[in-house]
Amino acid sequence: MLRLQGKVVLITGAAQGTGEGVARRAVAEGARVLVTDVQEDKGNRVAASLGDAARFVTLDVTREDDWRGAVATAVSTFGRLDGLVNNAALLAMGLIETTTVDTIERLLRVNQLGVILGVKSVAAAMREAGGGSIVIVSSVDGLMGMNGVAVYSCTKWGIRGFARSAAIELGRYGIRVNCVCPSAGNIDMVAPWFHTMNVARHERFLRDVPPILRTQGQRAGVTIDDITPAICFLLSDESARITGTDIAVDAGWTAGHVRPGLPGFLDDD
């Protein structure tokens with residue numbers, strides 16, 4: 001039996017990358033989806049490729065009126081709303097001291113305000129449907145620190161705290177709220193920042209990371225196809241007793257590091 005059969009899910013940032021992957025996986029699992037994004041041409045193409053199970057609506061996650069319209073469209077088109085995937089986000093890379101106020105405010109508005117408005121906007125429709133599941137896409141940068149992404153990391157830590165409070169507040173209505181924290185996603189999100197990176201050195205680090213920093217399975221990497229099943233699991237009734245928590249999809253990156261000289265060190269194998 002398809003685990004999302006009969007469910008209606010609104011997905012933000014679904015014109016490409018992780019959001020598109022979730023839309024395709026959710027439809028394959030039996031859901032009907034509202035594909036939303038600010039990229040109208042790409043979003044329409046994704047929805048059209050999914051047939052009658054999908055529809056596209058333009059949604060700027062920082063605009064409350066857009067959220068009202070998207071939720072109303074989901075309900076009028078599909079009859080209900082059972083799930084929300086708050087996926088839309090912006091990335092900025094750079095040094096803290098050279099990051100502009102405009103950049104900081106833009107990331108806060110999309111990555112945090114957009115998530116808050118999403119939860120605020122879907123609550124009534126989900127309550128009317130008898131409950132639902134909200135999945136917020138955070139990041140491993142919301143679980144640990146890393147140079148070059150301080151502001152982005154700040155926004156991803158913040159939405160994890162918001163998710164816990166929302167889970168407590170909305171639980172009485174049968175609405176669950178969880179986070180997924182991936183270590184990879186849409187390459188197009190990173191591409192504009194390649195000029196700030198020493199790409200060759202970064203790739204060499206990922207390939208030849210010394211044993212003291214190596215984590216179990218990390219060399220296998222993480223793809224969008226690894227992330228979407230976790231999100232669809234949290235949307236499904238299989239996770240009915242899971243709320244207010246995080247699932248890291250990072251091949252063990254945040255689990256910790258092996259230490260030389262202790263049992264299990266890779267050179268002992």
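The values are calculated or read from the model by the stated rules, or taken from the named source; none is laboratory data. What you see is a predicted model, and the numbers here were worked out from it, not measured in a lab. Quick reminder, even Gly has a Cβ in these numbers, built from the backbone with ideal geometry, and neighbours come from all protein chains shown.
On the basis of being in contact with a strand residue (DSSP E or B) (Cβ under 9 Å, 6 or more places away or on another chain), over 25 Å from Ile224 (Cα atoms) and surrounded by 19 or more Cβ atoms within 10 Å (Cβ to Cβ), does Val46 make the cut?
Spelling it out, it is not the case that Val46 is in contact with a strand residue (DSSP E or B) (Cβ under 9 Å, 6 or more places away or on another chain), over 25 Å from Ile224 (Cα atoms) and surrounded by 19 or more Cβ atoms within 10 Å (Cβ to Cβ).
Determine which member of the set Ala184, Ala163, Ala167 is in contact with a Lys or Arg (Cβ under 7 Å, 6 or more places away or on another chain), surrounded by 17 or more Cβ atoms within 10 Å (Cβ to Cβ) and either assigned to a loop (DSSP other than H, G, I, E, B) or touching a residue at least 12 places away in the same chain (Cβ under 8 Å) (or both).
Being in contact with a Lys or Arg (Cβ under 7 Å, 6 or more places away or on another chain), surrounded by 17 or more Cβ atoms within 10 Å (Cβ to Cβ) and either assigned to a loop (DSSP other than H, G, I, E, B) or touching a residue at least 12 places away in the same chain (Cβ under 8 Å) (or both) holds for just one of Ala184, Ala163, Ala167, which is Ala167.
Within region 229-246, can one find any residue that is over 17 Å from Val137 (Cβ atoms), among the basic types (Lys, Arg) and at pLDDT below 65?
No: zero hits.
Do you know which of the residues in region 1-15 that are surrounded by fewer than 19 Cβ atoms within 10 Å (Cβ to Cβ) and not hydrophobic (A, V, I, L, M, F, W, C) is nearest to the chain's Cα centre (by Cα)?
Here the residue is Arg3.
Output the residues belonging to region 97-114 that are surrounded by 15 or more Cβ atoms within 10 Å (Cβ to Cβ) and either free of Cβ contacts under 8 Å to residues at least 24 places away in the same chain or of a type in the set (A, V, I, L, M) (or both).
Correct list: Ile104, Arg106, Leu107, Leu108, Val110, Leu113.
So, Leu117, is that one surrounded by 16 or more Cβ atoms within 10 Å (Cβ to Cβ) and within 23 Å of Ala167 (Cβ to Cβ) or not?
Taking the combined requirement at face value, the residue satisfies it.
Arg55: in contact (Cβ under 8 Å) with a residue 12 or more places away in the chain, out of contact with any Lys or Arg (no Cβ under 7 Å at 6 or more places or on another chain), part of a helix (DSSP H, G or I) and surrounded by fewer than 24 Cβ atoms within 10 Å (Cβ to Cβ), yes or no?
So Arg55 fails the test.
Restricting to region 231-260, name every residue that is of a type in the set (Gly, Ala, Ser) and in a loop (DSSP other than H, G, I, E, B).
Listed by number, the residues that qualify are Ser236, Ala240, Gly244, Ala251, Gly252, Ala255, Gly256.
Please enumerate the residues belonging to region 225-250 that are of a type in the set (S, T, N, Q) and surrounded by fewer than 19 Cβ atoms within 10 Å (Cβ to Cβ). Step through it out loud before you land on a result.
Quick first cut of region 225-250, residues of a type in the set (S, T, N, Q) only: 228, 236, 239, 243, 245.
The one that is of a type in the set (S, T, N, Q) and surrounded by fewer than 19 Cβ atoms within 10 Å (Cβ to Cβ): Thr245.
Does Val119 count as of a type in the set (A, V, I, L, M) and in contact with an Asp or Glu (Cβ under 6 Å, 6 or more places away or on another chain)? Can you show your working first?
Numbers: of a type in the set (A, V, I, L, M): yes; in contact with an Asp or Glu (Cβ under 6 Å, 6 or more places away or on another chain): no.
Judged against the criteria, Val119 is not a match.
With respect to Ala26, determine if the residue is in contact (Cβ under 8 Å) with a residue 60 or more places away in the chain, in a helix (DSSP H, G or I) and either small (Gly, Ala, Ser) or closer than 23 Å to Thr243 by Cα (or both).
Answer is yes for this residue.
Residue-by-condition table, conditions (1) in a loop (DSSP other than H, G, I, E, B); (2) hydrophobic (A, V, I, L, M, F, W, C); (3) more than 19 Å from Asp250 (Cα to Cα):
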site: Leu90; (1), (2), (3): yes, yes, yes
site: Arg109; (1), (2), (3): no, no, yes
site: Val115; (1), (2), (3): no, yes, yes
site: Met126; (1), (2), (3): no, yes, yes
site: Ser153; (1), (2), (3): no, no, no
site: Ile159; (1), (2), (3): no, yes, no
